[in-house]
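What follows is calculated from the coordinates using simple rules that are stated; it is not laboratory data. If you're wondering where the values come from, they're calculated on a predicted model, not measured in any experiment. FYI the Cβ positions are ideal-geometry reconstructions off the backbone, even for glycines, and counts take in every protein chain you see.
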Amino acid sequence: MSPAKLDTGTEAPAFTLTDQDGASVSLSDFAGSKVIIYFYPAAGTPGCTTQACDFRDNINSLKSAGYQVLGVSKDTVADLTKFHGEQGLNFPLLSDLELTVHNLYGAYGEKNLYGKTVTGVLRSTFVVDEAGAIQLALYNVKATGHVASLRKKLGVDA
């Protein structure tokens, strides 16, 4: 069974997680800002590396449009530290080992993987507006081309 999905206009669930440097990061730290929160299955895997590097390479256009980016996975802080450094990432990666935040956002549940139904992380992206409401809730996104598609939806130029 999959968790309930978030709808546009609903309040973004609050959270506090640990980043790749061991610091606590809360959604409330970004109050009054626009935030892109993306959930990915595992640091260092091909699709997740593609997606993270895509955000890295587009961070300036996103930031100039007022967006902060946060990546969330079930990886350990040590794995995130390694991934962050190896890929030269320029935004925080957050560890959600207990899947608490994944579940709050409906980013963990049943999915189809190579023709089989499995339970796991649903590659998902959420855009939170300055008021803390969900502006966009995108589930089961593709790693490749996702940031370009997201920029188009948000009207952000390259």
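Things worth noting here:
- In loop segments of the stretch 49-129 as defined by DSSP, the chymotrypsin sites (Phe, Trp or Tyr not before Pro) with at most 12 further C-beta atoms inside 10 Å of their C-beta are TYR114.
- Of the GluC sites (Glu not before Pro) found in the stretch 53-142, those that fall in a DSSP loop while having at most 16 other beta-carbon atoms within 10 Å are GLU98, GLU130.
- Of ASP29, ASP129, ASP21, the one that fluctuates the most in a GNM where the chain has Cα springs shorter than 10 Å: ASP29
- Once the chain from TYR114 to LYS82 is taken as fully extended at 0.36 nm per residue, the excess over their C-alpha distance is 8.7 nm.
- Relative to one another, the C-alpha centroids of the stretch 32-81 and the stretch 94-111 are positioned 15 Å apart.
- Cα-based radius of gyration of the chain once divided by 2.2 N^0.38 Å, which approximates compact folds: 0.96
- Within the listed set THR144, THR81, THR125, the residue fluctuating most in the Gaussian network model of the chain (springs between alpha-carbon atoms under 10 angstrom) is THR144.
- For the chain, the longest site-free run once trypsin sites (Lys or Arg not before Pro) in DSSP loop states with at most 15 other Cβ atoms within 10 Å are removed: 6-141
- Here's the list of aspartates and glutamates a cross-link from LYS5 could span, going by alpha-carbon distance under 15 Å and ignoring same-chain residues fewer than 8 apart: GLU110.
- In sequence order, the stretch 68-73 has phi-based couplings of 9, 10, 10, x, 10, 8 Hz under the Karplus curve 6.51 cos²θ - 1.76 cosθ + 1.60, θ = phi - 60°, and Gly or Pro positions carry x.
- Only beta bridges with both residues in the chain are counted; by DSSP, about 70 percent of them are antiparallel.
- Binning the C-alpha pair distances of the stretch 1-80 at 10 Å intervals from 0 yields a P(r) profile of 15, 44, 38, 3 %, listed from the shortest bin outward.
- In the stretch 47-117, the C-alpha radius of gyration followed by the widest Cα-Cα span (Dmax) gives 13.8, 41 angstrom.
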